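Asker: Below: one structure in structure tokens.
The values are calculated or read from the model by the stated rules, or taken from the named source; none is laboratory data. Everything numeric here is computed off the predicted structure, so don't read it as measured data. Cβ sites come from the backbone with ideal geometry, for glycine too, and all protein chains shown count toward neighbours.
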Amino acid sequence: MGRKDRYTILSEVALETFKEYVKKYKPEKWLFPGQRKDKHISTRTVQAIFEKARDKAGIKKDVTVHSLRHSFATHLLESGVDLRYIQELLGHKHSKTTEIYTHVSTKNLSKIRSPLDMLGGLSHEKHPE
């Protein structure tokens with residue numbers, strides 16, 4: 001989409017997996033080379049690998065590689081990451097583009113407390129006269 005570079009956070013688990021992969025396969029130019037060693041893996045090949053893994057995992061839902069991007073953003077939002085940071089990570093120029101995830105994520109709505117309830121020292125007990 002748009003031929004833009006995409007960036008993400010590399011988890012410690014993924015980093016360890018990459019290290020094992022590099023040690024085993026010793027890629028030269030590209031981490032994931034294509035059929036020709038001087039070319040990277042194609043978008044279509046990534047999609048095919050994803051579809052095969054999805055099917056092998058028994059996932060029936062119609063998900064795509066792009067669904068991972070949506071899941072990533074939704075999980076960040078649900079874990080409390082500010083929407084502006086998510087916007088930056090996803091490379092969205094406009095905040096309206098990122099705001100789609102506010103409609104997707106309703107998991108934590110019931111955990112939101114009113115700022116009035118967070119004021120220290122106040123309670124609903126009767127005060128002595």
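Asker: Which of the residues belonging to region 51-70 are more than 17 Å from Arg6 (Cβ to Cβ) and not in a helix (DSSP H, G or I)?
Answerer: Ala57, Gly58, Ile59, Lys60, Lys61, Asp62, Val63, listed by residue number.
Asker: Has region 32-50 got at least one residue that is under 25 Å from Leu89 (Cα atoms), hydroxyl-bearing (Ser, Thr, Tyr), assigned to a loop (DSSP other than H, G, I, E, B) and modelled with pLDDT under 90?
Answerer: The answer is no; no qualifying residue exists.
Asker: Right, here's the next one. How many residues does region 77-129 contain that are over 15 Å from the mean Cα position of the chain (by Cα) and modelled with pLDDT under 85?
Answerer: 25
Asker: Kindly check whether there is at least one residue in region 27-44 that is under 30 Å from Lys111 (Cβ atoms) and surrounded by 10 or more Cβ atoms within 10 Å (Cβ to Cβ).
Answerer: Checked against the condition, which is being under 30 Å from Lys111 (Cβ atoms) and surrounded by 10 or more Cβ atoms within 10 Å (Cβ to Cβ), region 27-44 yields no hits at all.
Asker: Sticking with this structure for a sec: Residue under question is Ala73, and the condition is that it be over 22 Å from Leu10 (Cα atoms) and in a helix (DSSP H, G or I); does it hold?
Answerer: Answer is no for this residue.
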